[in-house]
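Q: Attaching a single structure in structure tokens format; questions to follow.
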Amino acid sequence: MEKINIAVLISGNGTNLQALIDAERDALLKSGTLTLAVSDRPGAYGLERAKKAGIPAFAVERESFEETLEALLAKHKIGLIVLAGFLRILSPGFAKRWEGRVINIHPSLIPAFCGQGYYGLRVHEAVLERGVKWTGATVHYVNAVPDGGAILLQKPVAVLPCDTAQSLQQRVQREAEWELLPQAAELVCQKLAEAKK
Ligand code: GAR
């Protein structure tokens, strides 16, 4: 079966991108191939991770972001976009055009602690403030509503009494995000490849 070309969009450290790179190396991700990495921030360390893995990596100007992105996606024949710590919200028009072909990782159990304003460390701060005993991560399809698309995979993670936002973020990433995102990417690539046959 023909592999699906994957573009990964990042804004920062890129540990989720790294999890995808490792999963492709270990053949856990086998129905898709990492083809392109794009950041909306020039200094994002994730770009270095992509380059080290031999994946073409670009920082794209914020002003004309979606226009430039669409051109790169077409040039690299991208079939699936993975938002991996990408902190910019894509326009409803873009989400509509790419419906069923964009997935996102979010660091909570949606519908809790999600939507506009909930990203990165802020999510974990809100979790601790509210005092919930379980949090986790979710991979979902992207639609016009921030964090509103159909849920693909979720995994719970316990909140510990000694947690800080930083320690919770790290545990959610290690115990949930880095496992779920490659699994979800493989699932969706299988589905897209099947539909292409
Ligand atoms: C991850 O924890 C991801 O879930 C979160 O940003 C972090 C990026 O880390 N994404 C969001 O909050 C999206 N709403 P990374 O750059 O090391 O993958």
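Q: Take V38, V8 and order them by how many other Cβ atoms sit within 10 Å, fewest up front.
A: Going from least to most buried by this count: V38, V8.
Q: Also, I was wondering about something else. Given the convex hull over the Cα atoms of segment 12-105, what projected area results after averaging over all orientations, in nm²?
A: Dividing the Cα hull surface by four gives the mean projection, 5.8 nm².
Q: Another question, then. Which of the trypsin sites (Lys or Arg not before Pro) found in segment 24-123 are loop residues per DSSP with 12 or fewer other Cβ atoms within 10 Å of their Cβ?
A: Here the trypsin sites (Lys or Arg not before Pro) that fit, given the DSSP loop and packing criteria, are R62, K77.
Q: May I ask you to sort L121, L72, L90 by Cβ crowding, counting other Cβ atoms within 10 Å and putting the fewest first?
A: In increasing order of surrounding Cβ atoms, one gets L121, L72, L90.
Q: Tabulate in residue order the Karplus-calculated ³J(HN,Hα) for segment 165-180, using 6.51 cos²θ - 1.76 cosθ + 1.60 with θ = phi - 60°, rounded to whole Hz; enter x for Gly and Pro.
A: In residue order, the calculated couplings are 4, 5, 5, 5, 4, 5, 5, 5, 5, 5, 8, 10, 4, 5, 8, 5 Hz.
Q: If amide H atoms are built 1.01 Å from N in the plane of the peptide, which residues on other chains or at least 5 residues away come under 5 Å of the amide H of I4?
A: Under 5 Å from the amide H of I4 lie the amide H atoms of G32, T33, each far enough along the sequence or on another chain.
Q: Report the relative contact order of segment 1-149, percent, no decimals, based on alpha-carbon pairs under 8 angstrom and at least 6 residues apart.
A: It comes to 23 percent, rounded to a whole number.
Q: Using Cα-Cα distances under 8 Å and only pairs 6 or more residues apart, what relative contact order does segment 128-172 have, in percent?
A: Over segment 128-172, the number comes to 40 percent.
Q: Please report how far the C-alpha centroid of segment 158-197 lies from that of segment 35-59, rounded to the nearest whole angstrom.
A: Their Cα centres are 20 Å away from one another.
Q: Now for a separate question. Taking θ = phi - 60°, what integer Hz values does the Karplus form 6.51 cos²θ - 1.76 cosθ + 1.60 yield along segment 80-92, in sequence order, with x for Gly and Pro?
A: Using θ = phi - 60°, the values come out as 9, 10, 10, 8, 10, x, 9, 9, 9, 8, 6, 5, x Hz.
Q: For E99, E63, what ranking results if the residue with the fewest other Cβ atoms within 10 Å of its Cβ goes first?
A: E63, E99
Q: Taking a label point 7 Å from the Cα of E175 along the Cα→Cβ vector, which residues of segment 115-132 have an amide N closer than 20 Å to it?
A: 120-132
Q: K52: which lysines have alpha carbons under 21 Å from its alpha carbon, excluding same-chain residues fewer than 8 sequence positions away?
A: Cross-link targets: K30.
Q: For the pair E129 and A27, how long in nm is the line joining their label points, each one 7 Å along Cα→Cβ?
A: If labels sit at E129 and A27, their model points lie 4.8 nm apart.
Q: Next up: Using the beta-carbon distance between K196 and A150 and R0 = 30 Å, what value does 1/(1 + (r/R0)^6) give for FRET efficiency, to the nearest 0.05?
A: 0.90
Q: If Lys and Arg each add +1 and Asp and Glu each add -1, what is the summed charge of the other residues whose beta carbon sits under 15 Å from the beta carbon of P161?
A: +1
Q: Next question. Let me have the 222 nm mean residue ellipticity of the chain computed from DSSP H runs of 4+ only, each contributing -39500 (n - 2.57), with the sum over all residues rounded to the nearest 500.
A: Helix contribution divided over all residues of the chain: -11000 deg cm²/dmol.
Q: In nanometres, what is the gap between the two model label sites at Q183 and S91, each 7 Å from Cα along Cα-to-Cβ?
A: Roughly 3.6 nm, to one decimal.
Taken together, the values in this text are just the output of simple stated rules run on the coordinates, not laboratory data. All of these numbers come straight from a predicted model, not from anything done at the bench. Because the Cβ atoms are built from the backbone with ideal geometry, glycine has one as well, and the counts that use them run over all protein chains shown.
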